[in-house]
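First comes the structure, then the notes that go with it.
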């Protein structure tokens with residue numbers, strides 16, 4: 001009896017210790033990478049470059065915030081590129097521009113975000129009612145979004161002249177662009193949703209044990225649709241932010257953001273199988289990806305290697321996350 005009393009606390013504390021060490025990995029890696037590149041390049045550690053890193057991370061942080069909720073459910077979302085393209089063209093044609101006489105200002109931004117949410121809702125509906133796997137449903141929605149963006153583009157690039165939207169990328173507050181502060185606000189909102197709302201809690205639960213949640217009487221379908229809708233809204237805002245950076249609406253506004261966002265989320269500690277991670281984890285992952293990319297450029301590594309490096313990071317991060325959970329006879333698919 002006394003032996004049991006001594007062993008039980010140790011066995012209970014071991015998983016907690018492993019979880020805490022696992023969660024500390026990405027922040028520790030971020031510090032190490034920053035220190036290494038700072039030692040290799042004096043330009044890297046300059047205040048100006050730190051500002052550039054934060055500005056470069058802004059759009060990716062917003063997109064990653066959206067995709068994190070999908071990944072927490074154990075689903076995958078490949079619609080970011082198409083949704084961002086459609087939202088970028090929407091906002092560029094509704095604010096002051098060279099194509100028409102529209103000048104709807106903030107309303108145009110709201111419409112673009114709603115367009116993104118609508119595309120996300122379509123992804124969720126396809127998953128829930130048509131039983132289409134999430135990666136196929138979102139890939140199709142991305143293609144639809146790119147098609148809509150191409151139709152809106154109509155062969156003539158819409159250049160924006162809205163001073164408010166342009167100021168997002170130009171004006172600075174406390175040394176950082178408005179885009180950076182918008183991204184920070186989105187991360188706070190995302191964390192609040194994850195931490196204090198039923199949607200956030202159920203997103204975790206669906207990813208961890210959907211069958212148990214269903215057996216307990218919870219209808220998970222509305223929450224799945226809501227998660228994809230929320231993600232689409234973040235993608236829509238990301239498209240608006242890219243338009244502010246480029247000064248024009250482009251079909252390719254979201255190119256590469258889907259893979260980069262998944263990379264950042266996984267590197268930060270959000271599992272592709274769902275049930276673990278979160279917005280703050282993904283925020284650290286975003287900084288890891290952006291700092292690494294910036295550092296490689298600063299030390300003279302060819303940009304053509306950056307995609308390969310990101311791919312290796314994803315494989316390593318997934319392996320590091322999965323190995324501790326693997327059972328002896330578990331089949332990897």
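Please specify each residue of the range 228-251 satisfying the condition of being surrounded by 24 or more Cβ atoms within 10 Å (Cβ to Cβ) and more than 18 Å from residue 123 (Cα to Cα). Within the range 228-251, 240, 241, 242, 243, 244, 249 meet the criteria.
For the range 209-232, the count of residues that are out of contact with any strand residue (DSSP E or B) (no Cβ under 8 Å at 6 or more places or on another chain), within 21 Å of residue 136 (Cβ to Cβ), at pLDDT below 90 and part of a helix (DSSP H, G or I) is nonzero. Does at least one position in the range 131-138 carry a residue that is within 18 Å of residue 252 (Cα to Cα), in contact with a helix residue (DSSP H, G or I) (Cβ under 9 Å, 6 or more places away or on another chain), assigned to a helix (DSSP H, G or I) and in contact (Cβ under 8 Å) with a residue 12 or more places away in the chain? So far as the range 131-138 goes, yes, one or more of its residues are within 18 Å of residue 252 (Cα to Cα), in contact with a helix residue (DSSP H, G or I) (Cβ under 9 Å, 6 or more places away or on another chain), assigned to a helix (DSSP H, G or I) and in contact (Cβ under 8 Å) with a residue 12 or more places away in the chain. Only one of the listed residues (213, 271, 280) is without any contact (Cβ under 8 Å) to a residue 12 or more places away in the chain and touching a helix residue (DSSP H, G or I) at 6+ places or on another chain (Cβ under 9 Å). That residue is 213.
Here's the yes/no breakdown for (1) touching a residue at least 60 places away in the same chain (Cβ under 8 Å); (2) within 20 Å of the chain's Cα centre (by Cα); (3) within 17 Å of residue 252 (Cβ to Cβ):
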position: 142; (1), (2), (3): yes, yes, yes
position: 146; (1), (2), (3): yes, yes, yes
position: 151; (1), (2), (3): no, no, yes
position: 160; (1), (2), (3): yes, no, yes
position: 165; (1), (2), (3): yes, no, no
position: 169; (1), (2), (3): yes, yes, no
position: 182; (1), (2), (3): yes, yes, no
position: 187; (1), (2), (3): yes, yes, no
position: 190; (1), (2), (3): yes, yes, no
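Residue-by-condition table, conditions (1) at pLDDT below 90; (2) touching a helix residue (DSSP H, G or I) at 6+ places or on another chain (Cβ under 6 Å); (3) surrounded by fewer than 19 Cβ atoms within 10 Å (Cβ to Cβ); (4) assigned to a helix (DSSP H, G or I):
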{"residue": "253", "(1), (2), (3), (4)": "no, yes, no, yes"}
{"residue": "258", "(1), (2), (3), (4)": "no, yes, no, yes"}
{"residue": "261", "(1), (2), (3), (4)": "no, yes, no, yes"}
{"residue": "265", "(1), (2), (3), (4)": "no, yes, no, yes"}
{"residue": "276", "(1), (2), (3), (4)": "yes, no, no, no"}
{"residue": "293", "(1), (2), (3), (4)": "yes, yes, no, yes"}
{"residue": "301", "(1), (2), (3), (4)": "yes, no, yes, no"}
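Within the range 169-180, take every residue that is part of a helix (DSSP H, G or I) and modelled with pLDDT under 95 and give me the one that is surrounded by the fewest Cβ atoms within 10 Å (Cβ to Cβ).
The first filter runs over the range 169-180 and keeps only residues part of a helix (DSSP H, G or I), leaving 169-170, 178-180.
The next check asks that each one be modelled with pLDDT under 95; those that pass are 169-170.
Values: 169: 19, 170: 13.
So, considering only residues that are part of a helix (DSSP H, G or I) and modelled with pLDDT under 95, the one surrounded by the fewest Cβ atoms within 10 Å (Cβ to Cβ) is 170.
Annotation note: Cβ proximity below 9 Å between a residue of the range 31-51 that is closer than 19 Å to residue 300 by Cβ and a residue that is modelled with pLDDT of 90 or more and exposed (fewer than 10 other Cβ atoms within 10 Å of the Cβ) (sequence gap 6+ or interchain) occurs for no pair.
Looking at the structure I just gave you, is residue 202 assigned to a helix (DSSP H, G or I) and at pLDDT below 95? If you could, list the steps in order and put the result at the bottom.
Values: assigned to a helix (DSSP H, G or I): yes; at pLDDT below 95: yes.
Spelling it out, residue 202 is indeed assigned to a helix (DSSP H, G or I) and at pLDDT below 95.
Residues considered: 78, 146, 89, 71. Of these, the only one that is in contact with a helix residue (DSSP H, G or I) (Cβ under 9 Å, 6 or more places away or on another chain), surrounded by fewer than 24 Cβ atoms within 10 Å (Cβ to Cβ) and part of a helix (DSSP H, G or I) is 146.
The values are calculated or read from the model by the stated rules, or taken from the named source; none is laboratory data. Everything numeric here is computed off the predicted structure, so don't read it as measured data. Please note: Cβ atoms are built from the backbone with ideal geometry, for glycine as well, and neighbour counts cover all protein chains shown.
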